[in-house]
1. Quick one: in segment 101-131, which of the residues that are within 26 Å of residue 42 (Cβ to Cβ) and exposed (fewer than 14 other Cβ atoms within 10 Å of the Cβ) is modelled with the highest pLDDT?
2. If you take just the helices (runs of 4 or more DSSP H) that sit entirely in segment 185-286, which of them hold at least 3 residues that are loosely packed, with under 13 Cβ neighbours inside 10 Å?
3. Go through segment 104-160 residue by residue and tally those that are within 16 Å of ligand 3 (Cβ to nearest atom), on the phi < 0 side of the Ramachandran plot and either under 16 Å from the mean Cα position of the chain (by Cα) or part of a strand (DSSP E or B) (or both).
4. Which count do you get for residues in segment 25-47 that are buried (at least 20 other Cβ atoms within 10 Å of the Cβ), within 16 Å of ligand 2 (Cβ to nearest atom), of a type outside the set (Gly, Ala, Ser) and touching a residue at least 24 places away in the same chain (Cβ under 8 Å)?
5. Anything in segment 62-81 that is of a type in the set (Asp, Glu) and assigned to a loop (DSSP other than H, G, I, E, B)? List them, or say none.
6. Being closer than 27 Å to residue 15 by Cα and within 16 Å of ligand 2 (Cβ to nearest atom): is that true of residue 153 here?
Amino acid sequence: MRHILHADFDAFYAAVEQRDNPGLRGKPVVVGGSPEGRGVVASASYEVRRFGVRSAMPMWTALQRCPEVIRVPPRFDRYGEVSRRVMEIFRAITPLVEPLSLDEAYLDVTQSVTPERSPARIAVELKRRVRSELLLTISVGVGVSKSVAKIASDMDKPDGLTVVVPGSEREFLAPLPIESLWGIGPKTAERLHSQGVRSIGDLAAKPEDWFVTRFGRTGPSVRALALGQDDRPVVVERERKSVSAETTLSHDTDDPELLLELVSRLSQRVGSYLERDDIQGKTVKV
Ligand code: DCP
Ligand code: MG
Ligand code: MG
């Protein structure tokens with residue numbers, strides 16, 4: 001049996017800005033581009049979430065929902081630096097750390113567990129270290145699998161700690177909405193809702209062949225996740241699968257000349273990344 005922690009910063013970009021600028025603490029802060037430039041909210045402080053402001057929302061919608069919102073432009077270098085430091089703290093607990101993004105990672109702590117040091121104890125230590133060394137809060141989920149640990153870390157945000165006791169996975173998952181499961185996006189969720197399947201428990205109650213009919217090849221793995229079964233290991237080094245570049249225009253356009261120019265500029269950027277790392281690709285997507 002494995003013991004896995006999933007740790008994720010609370011309101012990452014916004015929290016870093018609030019930490020670095022005490023004037024922003026306790027205030028409705030969003031990090032993102034300007035409303036005039038069609039910016040979107042990258043991160044919303046918990047104070048502004050009460051107004052219904054969320055990540056990926058257009059900045060002007062955020063302004064409408066909370067006129068007193070304070071917008072801060074992103075400082076990606078700063079977030080990268082904080083991310084490197086938190087990963088170091090994670091690696092001081094266990095070498096088995098798999099970062100998922102700048103602000104979150106899986107930790108396999110199986111080897112660190114002793115009768116005196118339970119996985120929950122390790123999670124408490126981890127939260128304490130991040131708080132004292134970085135002055136930031138993380139939420140942590142503890143479970144025997146990646147999928148359960150990740151869902152658990154989201155249950156009690158901010159500054160949360162949710163422990164799923166081994167053997168209680170099905171019980172833990174049953175009341176949760178199907179959208180919490182990896183691989184169930186908004187479209188699939190809507191389709192399943194119309195068939196009366198809303199909770200993971202509803203899903204888990206379906207027979208094996210139902211999954212194959214609904215999901216095809218991925219049916220068995222969706223079923224396994226719904227039943228709380230997931231034996232994917234924590235992978236320290238992941239092979240990079242793609243290289244990309246992107247941009248956002250200030251106005252919608254279908255001008256072929258402009259688009260061609262853009263594709264050319266972005267592909268040059270991708271080309272320079274490939275050259276820098278001396279790697280090649282075999283599939284190109286626009
Ligand atoms: N991010 C982004 N655009 C999104 C989602 C996220 O730029 N649509 C960036 C900003 C976030 C960071 O990634 O701060 C981490 O993403 P999370 O989903 O973990 O969101 P937060 O950490 O902001 O909030 P939460 O407390 O819900 O984890
Ligand atoms: Mg986060
Ligand atoms: Mg995250």
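The values are calculated or read from the model by the stated rules, or taken from the named source; none is laboratory data. This is a predicted model, so every value here is computed, not measured. Virtual Cβ from ideal backbone geometry, glycine too; neighbours counted across all protein chains shown.
1. Looking at the filtered set, the residue picked out is 131.
2. 186-193, 208-215, 256-277
3. 22
4. Result for segment 25-47: 3.
5. If the condition is that a residue be of a type in the set (Asp, Glu) and assigned to a loop (DSSP other than H, G, I, E, B), then 68 is the only one that fits.
6. yes
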